[in-house]
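Asks: Here it is, the structure, as structure tokens.
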Amino acid sequence: MSLAATRSATPFDGWVRRAKSALVELDFLNGLPLVFSGIALSFVLFLVGFVLYMTFVAGLPIEPDYTLDNWKRVARSRMLTQVIPNTLIVGFGTALVATIFALPLAWLLNRTTLPCRNAFITMMAVVVIVPGFIKAMGWIMLVNDRIGLLNRAIEGALGMEKVAWTVVNNPYGIAWVMGLMLTPTMFFLLSGPMRALDPALEEAAAVSGGNHWVTTWWVSLPLIWPGILSGMIYIFMTAVSIFEVPALLGAASGKVPVLATELFYAVRPPGEEVATIAYGAAGVYGVLIAMPSCLALYFYVRLLAKVRHYEVVTGKGYRPRDIDLGKFTWIGMVFVVVYLLLAAGLPFLVLLWASLLPYLQIPTFSALKNISLYNYDGLLAALGGARVVWNTLVLAVSVSLLVTFLSFMVSWVVVRTRFRLRKAMDIVAMLPHAFPGLAFAFALFMVALVLSIWLPEISMRGTLAIIVLANVINRLSYGTRVTNAALFQIQSDLEECGKVCGARNLTIMRWIVAPLIKPSLVFAGVWTGLLTFQEVTMALFLAESHNRVLSVSIWHLWSSGNIGVACAGAVVMVTIMAFLMSMTLKLTSGKIKESRQLG
Amino acid sequence: MGDFYWGVRRSVSFVMLRVNNLTKTFTLADGRVEAVSGISFEVPEGVFLTLLGPSGCGKTTTLRCVAGLEVPEAGEIYIGENLVFSSEKRVMLPAYRRGVGMVFQSYAIWPHMTVFENVAFPILRGGYKVGKAEVGDRVRKALHLVGLEQFESRPAPLLSGGQQQRVSLARALVYEPRLLLLDEPLSNLDAKLREEMRIELRELINRLKISTLYVTHDQEEALVLSDRIAVMYDGQILQESPPREIYLFPTHPFVAGFVGRANFIEGRVAQQGAELGTGVAATPLGDMVIPLPAHVSVGDRVSIVIRPEDMSVDVDGTPSGPNSFPGRVEYRIFVGNRVQYRIRIGSSVLHSELPARIDLQEDTKVSVRIPTSCIRVLRPQ
């Protein structure tokens, strides 16, 4: 008789009983996930707390000297006149641009009979994979009053002297580029509600004599309005925490500062000159970005829960009626193709073009003569040699493995145990979604700084490990969404049946649970690896001489004026990503739709 | 209970499952709910016992406690001679060591395995391992029992509902458990298939002589399949008897109403009847001669239960003799093999069932006669 599994049936009092019921599921199998997820999530909470704490100390956090100076100094700076207005323009502008593109796209690709719909949906995911800073580089060369290829082309075509449009040093330009960049995210967010629409509601309108267009405008659109709204909140949140695009398009020059760039430059001032480093101020910026995001996240999660509920109730047995666009099909096709060109096609082509030339010129026959692979010659050395390639590989692979493992551990506790704090753990796992990656990078930077003073022998400064850590934390929310969903879909019957068949927990894990969730884990791992591979902000923030990765090297080449080589590097990077992406599609057999929360 | 043995008759009846004072509560958002409140029952070897009751009565919870998938608050469970759960002795044998076979309501067929792999799991990976060489034979034997031998290599998701149900049964039988637990195994099948599977299941269990605990909310299923039925309501067993007794001699108004259709007439015993063991009850229909059970005496309030098929309904006959009442056909429903009538007698309504060939128009004046021997008298609850 196993006494290990014996449980008391006598009632306990108060705390003891509660503690007991919390630990009821704590055998070996659940203990392991509990330990790992506990460590990971406590660390997340610790970093969030650390950033808050930083804002109230004058200097380094080891010299506690509580003060409100940081907040006052930030309030007195150009904050109110420049930074906040810019951030709001960028945030709202991005949400607007993304919605203007994503709403028709979501409708066209989900509710009409447009040809090649699935191929287009895959392309939307490919757009996500092209790094934001590379898209920004492309747009700088496309629309720019000094060097913009589009400006020149229009000048030439219309015989105008100067086309003054520019995406540089202009918050609207930043909103335009980020809007294009985040459109796929909005697209995937809208696709769910779009597909879940109860066709009976539309059919009722049709029976009442409304044609397709009347129905779409008066019935379908109002019905998905909550979905649009929550999507816009999400895009706003994401946009205000992005550093790379505003930095390239205007903040590095100091002309268009936003919250994210202020945070970055407070700790890592641009240029080589020695500047005072305002750690506390950086914390204030981080908190300012995170506070509205946390609020938005709360509403977003609630809205999402309702949307999911709705999907479950009406999703059964119905196939929403797809609208045949008839003679307007070509307009739909043109819209989709134009978007794909603007978001990825044109920026990539211009990069490819620039990488083949010694200096940027309009594509003409005379320019064709100058084409060479000069920029690709010695590219590896320019990027920092084998070390950078190795760093990038180690970073992508280790983040992918760690995120998958930890997400699985967290989800196991959240979905599969009756641990009392499981709901709180799920919320903490979502925190990295609201708290910008830059703020986590900052917190880690400070922790490493303090550690290097206290314990110089285990210094983490300038190591690859710290970049790995930042990425793991940042990707944890996405990873846990995938693993949560994967575990939820396994009915508990399947495991209980294993038990009745005499199998122990580990046997059930090995032969029943693991094979069933393997596809989701592979997907989460590969997708995380891809996103880490293209990530630049955190890697740049934490970069020192020895832990550079590919994206950081390209960034440095660009900012030091080596445009051609930077473009060559970008082209190589996008090519690798495209290759990895096609591998992903093969591995997961086109399960790309799960990428809706790609962040 | 020797009459109901399907297995080998033994001189001393061996109890395969004994449940004593089982209690299980669930903590929900809005407080604690007692799902099972101190129930006790036994399944002798070779007997098919059904827990019958409406949803939420605690029958599935009881089954899951027996399987070891829920931890009860109190009570004792013996499987064979083994104590598998006892709150007092602090014994809780985990599910994987209880040696029972179980078929889940959802079948719980593992979608990533073939039929063969599903059935082989308990003896290949589970706690009932046999030699590698024997696995194939055992699986094929189990699949043969349920008539699926030609589907061995088919992936599980490609099976129909009925086939999944059979695979699930084969998997529960492959390690030859002494006790079989079935959790509404037929409820996901369509009506026709359910009736076929019902008979097939009963025949299979007859052949194997395996002790079975079965859970269902379908009274007809329970009556057809079981040796004994325990009717559960609100966490308690109201009556446990063979099917015939449950139907003909219910001891609780709920049992009478849940198993089959029943008319309930409230009344009071006015006096002793002319014959021994009968009484006369004052009811809204009028005075009625009823059998008088030992625990009922003159002056007691009683519930009089009459099955719809037990009354005789005569056209244009004037009521004569005991328990004859004049009435009027108010409504009729044709259901194929019989016709259901609603007959108004004064302020009361009685439901009656007659063979399909008898055709009474609505508003027909009839006389209803209720034989005293068919009346069941219960104490109102």
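Asks: So which residues in region A:221-271 are among the charged types (D, E, K, R) and over 20 Å from A:Val168 (Cα atoms), if there are any at all?
Replies: Within region A:221-271, the first condition is being among the charged types (D, E, K, R), and the residues that meet it are A:244, A:255, A:262, A:268.
Answer for region A:221-271, where residues must be among the charged types (D, E, K, R) and over 20 Å from A:Val168 (Cα atoms): just A:Arg268.
Asks: Just a yes or no: is a residue in region A:434-448 assigned by TED's automatic domain parsing to the domain that holds A:Glu535 and open to solvent by 60 Å² or more (accessible area, probe 1.4 Å)?
Replies: No - not one qualifying residue is present in region A:434-448.
Asks: Kindly provide the set of residues from region B:182-200 that are more than 16 Å from B:Leu52 (Cβ to Cβ) and either of a type in the set (A, V, I, L, M) or not assigned by TED's automatic domain parsing to the domain that holds B:Leu52 (or both), ordered by number.
Replies: B:Leu189, B:Ala191, B:Leu193, B:Met197, B:Ile199
Asks: Tell me whether region A:550-562 contains one or more residues that are surrounded by fewer than 21 Cβ atoms within 10 Å (Cβ to Cβ), farther than 20 Å from A:Leu521 by Cβ, modelled with pLDDT of 75 or more and β-branched (Val, Ile, Thr).
Replies: Scanning region A:550-562 turns up no residue that is surrounded by fewer than 21 Cβ atoms within 10 Å (Cβ to Cβ), farther than 20 Å from A:Leu521 by Cβ, modelled with pLDDT of 75 or more and β-branched (Val, Ile, Thr).
Asks: Out of all the residues in region A:522-548, which are among the aliphatic types (A, V, I, L, M), assigned to a loop (DSSP other than H, G, I, E, B) and over 14 Å from the mean Cα position of the chain (by Cα)? Walk me through it before giving the result.
Replies: Quick first cut of region A:522-548, residues among the aliphatic types (A, V, I, L, M) only: A:522, A:524, A:526, A:530-531, A:536, A:538-540, A:542-543.
Narrowing the set further to residues that are assigned to a loop (DSSP other than H, G, I, E, B) leaves A:536, A:542-543.
Residues satisfying the conditions are A:Leu542, A:Ala543.
Asks: Determine which single condition A:Phe405 fails, assuming it passes every other condition in (1) closer than 29 Å to A:Tyr234 by Cα; (2) outside any helix (DSSP H, G or I); (3) not basic (Lys, Arg).
Replies: Only one criterion in (1) closer than 29 Å to A:Tyr234 by Cα; (2) outside any helix (DSSP H, G or I); (3) not basic (Lys, Arg) is unmet by A:Phe405, namely (2).
Asks: Could you list, in sequence order, all residues of region A:357-381 that are closer than 30 Å to A:Asn391 by Cα, without any contact (Cβ under 8 Å) to a residue 24 or more places away in the chain and surrounded by 14 or more Cβ atoms within 10 Å (Cβ to Cβ)?
Replies: If the condition is that a residue be closer than 30 Å to A:Asn391 by Cα, without any contact (Cβ under 8 Å) to a residue 24 or more places away in the chain and surrounded by 14 or more Cβ atoms within 10 Å (Cβ to Cβ), then A:Leu380 is the only one that fits.
Asks: Tally time: how many residues in region A:485-517 are more than 14 Å from every other protein chain (Cβ to nearest Cβ) and open to solvent by 10 Å² or more (accessible area, probe 1.4 Å)?
Replies: Qualifying residue count, region A:485-517: 2.
Asks: Can you name the residue in region B:74-93 that is in a loop (DSSP other than H, G, I, E, B) and surrounded by fewer than 20 Cβ atoms within 10 Å (Cβ to Cβ) and is also nearest to the other protein chains (Cβ to nearest Cβ) among such residues?
Replies: Only one residue fits best here, namely B:Arg90.
Asks: Has region B:13-29 got at least one residue that is within 14 Å of chain A (Cβ to nearest Cβ), under 21 Å from the mean Cα position of the chain (by Cα), under 26 Å from A:Phe419 (Cα atoms) and not in a strand (DSSP E or B)?
Replies: No, region B:13-29 contains no residue that is within 14 Å of chain A (Cβ to nearest Cβ), under 21 Å from the mean Cα position of the chain (by Cα), under 26 Å from A:Phe419 (Cα atoms) and not in a strand (DSSP E or B).
Asks: State all residues of region B:98-108 that are open to solvent by 20 Å² or more (accessible area, probe 1.4 Å) and facing chain A (nearest Cβ under 7 Å); if no residue qualifies, say none.
Replies: Scanning region B:98-108 gives a single hit, B:Ser106.
Asks: Still on this model: Scan region B:134-153 and tell me whether some residue there is open to solvent by 10 Å² or more (accessible area, probe 1.4 Å), within 14 Å of chain A (Cβ to nearest Cβ) and under 26 Å from B:Glu70 (Cβ atoms).
Replies: Checking region B:134-153: not a single residue is open to solvent by 10 Å² or more (accessible area, probe 1.4 Å), within 14 Å of chain A (Cβ to nearest Cβ) and under 26 Å from B:Glu70 (Cβ atoms).
Asks: Considering only region A:518-531, state which residues are within 14 Å of another protein chain (Cβ to nearest Cβ) and buried (at least 20 other Cβ atoms within 10 Å of the Cβ).
Replies: Within region A:518-531, A:Ser520 is the sole residue that qualifies.
Asks: Scan (1) modelled with pLDDT of 85 or more; (2) open to solvent by less than 60 Å² (accessible area, probe 1.4 Å) for the single condition A:Phe579 breaks and write down its number.
Replies: (2)
Asks: Looking at A:Tyr298, A:Tyr285, can you tell me which residue is modelled with pLDDT of 80 or more, open to solvent by 10 Å² or more (accessible area, probe 1.4 Å) and more than 27 Å from A:Pro104 (Cβ to Cβ)?
Replies: One residue alone meets the criteria, A:Tyr285.
The values are calculated or read from the model by the stated rules, or taken from the named source; none is laboratory data. In this text, all values refer to a predicted model and were calculated from it rather than measured experimentally. Cβ: placed from backbone, ideal geometry, glycine included. Neighbour counts: every protein chain shown. Keep in mind that these areas ignore ligands, DNA and RNA; they rest on the heavy atoms of the full protein, side chains included. Shrake-Rupley method; radii C 1.70, N 1.55, O 1.52, S 1.80 Å.
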